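Asker: Pasting in a structure now, in structure tokens, and then I'll have a few things to ask.
The values are calculated or read from the model by the stated rules, or taken from the named source; none is laboratory data. What you are looking at is a predicted structure, and each value in this text was computed from that prediction instead of being measured. Note that we place each Cβ from the backbone using ideal geometry, even for glycine, and neighbour counts take in every protein chain shown. The protein model used for the area step is the full one, side chains on, heavy atoms only, and it has no ligands, DNA or RNA in it. Shrake-Rupley method; radii C 1.70, N 1.55, O 1.52, S 1.80 Å.
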Amino acid sequence: MASLKKSFLKKGYQVIPFKITNTNHLVVKVKLNGKKGRFILDTGASNSCIGFETVPYFSAETIPSEVTASGAGAMGMKTEKSTGNTLRIAGWKHENFDLVIFDLSPINQALKEHGAKKIKGIVGADILIKAEAVIDYSKKCLYLK
């Protein structure tokens, strides 16, 4: 029987390794608008996002948003939106990509308090659905088509 990896490669998927932090978060290396960053893979996040503080680093153009964000115990967080971005995760690429911008400092503070490295963003369900993602926890691989 063919391995899972070979099977997905035949179907046109990219194989992307991820790391599991000591806080049990899945982390992938991402390039957003040509700049590198560590992002959490979050199947429960509806949208991919970056923090306000990383907007200049990623050269993201922002526009106001009426939408508020909720998550991890916080509700009603102010957001902005960024359109026309390019996202690359290993060999997988998505252009003209929209992001939500919000305050990631509480997440990074919690990571720091548990001895984990900071993140620059979150890869959410919007990308995972678009790329027909499959997560292989035992092999620490993400498959994106």
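Asker: How large, in percent, is the carbon and sulfur part of the accessible surface of the chain at a probe radius of 1.4 Å?
Answerer: Of all accessible area on the chain, carbon and sulfur atoms account for 53 percent.
Asker: Can I ask one more? Pull out the extension gain between Ile63 and Thr86, defined as 0.36 nm times the separation in residues minus the alpha carbon to alpha carbon distance; nm, one decimal. Walk me through the intermediate numbers first.
Answerer: Details: separation 23, 0.36 × 23 = 8.28 nm, distance 1.67 nm.
Length difference between fully extended and current span is 6.6 nm.
Asker: Between rounded, prolate and oblate, where does the range 12-145 land on the alpha carbon gyration tensor, with a ≥ b ≥ c its root eigenvalues, rounded for a/c under 1.5, else prolate if a/b exceeds b/c? Walk me through the intermediate numbers first.
Answerer: On the way: a/c = 1.62, a/b = 1.16, b/c = 1.40.
In terms of gyration-tensor shape, oblate.
Asker: Hey, what's the Kirkwood Rh for the range 1-66 if you take every pair of different alpha carbons, in angstrom?
Answerer: It works out to 14.6 Å.
Asker: Leaving ligands, DNA and RNA out of it, rank His114, His25 by accessible area with a 1.4 Å probe, largest first.
Answerer: If we order His114, His25 from most to least accessible, we get His114, His25.
Asker: Only Lys, Arg, Asp and Glu count, each charged at its Cβ (+1, +1, -1, -1), so figure out the dipole size of the range 31-145 about its Cα centre, rounded to 20 debye.
Answerer: 620 debye
Asker: Enter the accessible area per residue of the range 72-137 (Å², integer; probe 1.4 Å; all protein chains in place).
Answerer: Roughly 54 Å² per residue, with all protein chains present.
Asker: Write down the percent of antiparallel bridges among all DSSP beta bridges whose residues are both part of the chain, to the nearest 5.
Answerer: Working: 33 of 39 bridges.
For the chain, the DSSP antiparallel bridge percentage is about 85.
Asker: Taking +1 at the Cβ of each Lys and Arg and -1 at the Cβ of each Asp and Glu, which of Gly91, Gly51, Thr21 sits farthest along the dipole of the range 7-121 towards its positive end, judged by Cα position relative to the Cα centre?
Answerer: Most positive-ward Cα: Gly91.
Asker: Give me, ordered by chain and number, the residues 5 or more places off Ser48 or on other chains with an amide H under 5 Å from its own placed amide H.
Answerer: Val100, Gly124, Asp126, Ile127
Asker: Separate question: How much net charge surrounds Ala116 when only other residues with a Cβ under 12 Å from its Cβ are counted (Lys, Arg +1; Asp, Glu -1)? Write down the numbers at each step before the final one.
Answerer: Values: positive: Lys19, Arg38, Lys112, Lys117, Lys118; negative: Glu113.
Surrounding charge for Ala116 is +4.
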